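Step one of this worksheet: look at the structure below.
The values are calculated or read from the model by the stated rules, or taken from the named source; none is laboratory data. As the structure is a prediction and not an experimental result, all values here were calculated from the model. All Cβ positions, even for glycine, are placed from backbone atoms using ideal geometry, and neighbour counts span all protein chains on display. When the accessible area is computed, the model is the full protein with side chains, heavy atoms only, and any ligands, DNA or RNA have been set aside. Shrake-Rupley method; radii C 1.70, N 1.55, O 1.52, S 1.80 Å.
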Amino acid sequence: MPTHILERRLPILAALGLLAALATTADTAHAQLPSAAKKIYMCFVPTSQSGVLYRVNPAFADAEPATGAPTACTNANHVMFAFNGTGIQGIQGIQGPPGDPGAKGDKGDKGDTGEKGDKGDIGPIGPTGATGATGATGATGATGATGATGPQGPQGIQGEKGDVGPIGPTGPQGPQGIQGEKGDTGPIGPTGATGATGATGSQGPQGIQGVQGPVGPQGPVGPQGPTGLSGWERVSSISTTAAAGTTTRLTVNCPTGKSVLGGGYMNPDTKGTNNSVLASFPASQSTWEVWIFNPSGSTNFTVQPFAICASVVQ
């Protein structure tokens, strides 16, 4: 065996021997034989001279329980491995070189071929009997009436099967008989004529329009309704001074019973050229309001509001 192959296999053989020894000489707290279904998991502590092994109890379905053992290797450098009762398959060895092919043997002699047997004789074929002449085909007679079906008779006893006779020689084919005449087909009766469609009657004349009745007499004039608006008047309030830099609020009230229809204001002294009307609106059903702003630095002016009032029928 080559030296490099032996050097590679020695550590493997040593490890297998160590595992076999573990099965019987392991720590008494963890010693047990592995089964074929479960695996014993261990961790290997590599050192410069030799290795130390200890049991672990990982949460694997195939792990053989080890009471008190850690659930994993206690150090990241330790190597976990497992083995069972059947043993882990070893590493496949390197294929050896093919052997020298042996010398080719001599070809054997071919055996003799036996003689072919004689072919048996074929028996004679019997002569074929002559076929009788075919008679002439007569005319087809009229079909008679179908008679009543009689009762079915009892089934007869089956006779014994006779021996098959020899096949006679085939005679010459006779001439074809004359074909009988085809009977006459009765005549088909004529199809009856379709009756004529009756004529459509003419449309009757339109009736005469009736005479229009006389116009009825005009009804009496109804009473006059109440007037919707009455008592229209223009109502003014007293004149008020709109001071500069202020907003002046003016109010006009309609007389009792009358509603306000509109309103506004006047400048009796014609000095309010810079004023701004902020609002002019009906404050209630009978009141009209006007709000006027006189800017600062402007001249005071007189303002007089007014309202349009009237009686409104509800």
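Details
- When only alpha carbons are used to place a centre, the range 257-309 and the range 227-250 end up 6 Å from one another.
- Distance between the 7 Å Cα→Cβ label points at residue 139 and residue 238: 15.5 nm.
- Mean Cβ neighbour count within 10 Å, used as a protection proxy, ranking 198-210, 159-171, 258-270, 62-74 highest first: 258-270, 62-74, 159-171, 198-210
- 5 angstrom amide H check on residue 63, placed H, neighbours 5+ away: 39
- Between amide H atoms placed 1.01 Å from N, distances below 5 Å from residue 303 occur with 240, 241, 242, all of them 5 or more places distant or on a separate chain.
- For residue 57, distant residues with modelled amide H under 5 Å away: 71, 72
- With every protein chain in place and a 1.4 angstrom probe, the accessible-area ranking of 146, 47, largest first, reads 146, 47.
- Ligands, DNA and RNA left out, the accessible area of the range 187-314 computed with a 1.4 Å probe is 55% carbon and sulfur.
- The label-point distance for residue 52 and residue 313, in a model that sets each label 7 Å from Cα toward Cβ, rounds to 12.5 nm.
- Whole-percent P(r), the range 172-260, all Cα pairs, 5 Å bins from 0: 2, 5, 5, 5, 5, 4, 4, 4, 3, 3, 3, 3, 3, 3, 3, 3, 3, 3, 3, 3, 3, 3, 3, 3, 3, 2, 3, 2, 2, 2, 1, 0.
- Once the chain from residue 277 to residue 122 is taken as fully extended at 0.36 nm per residue, the excess over their C-alpha distance is 41.0 nm.
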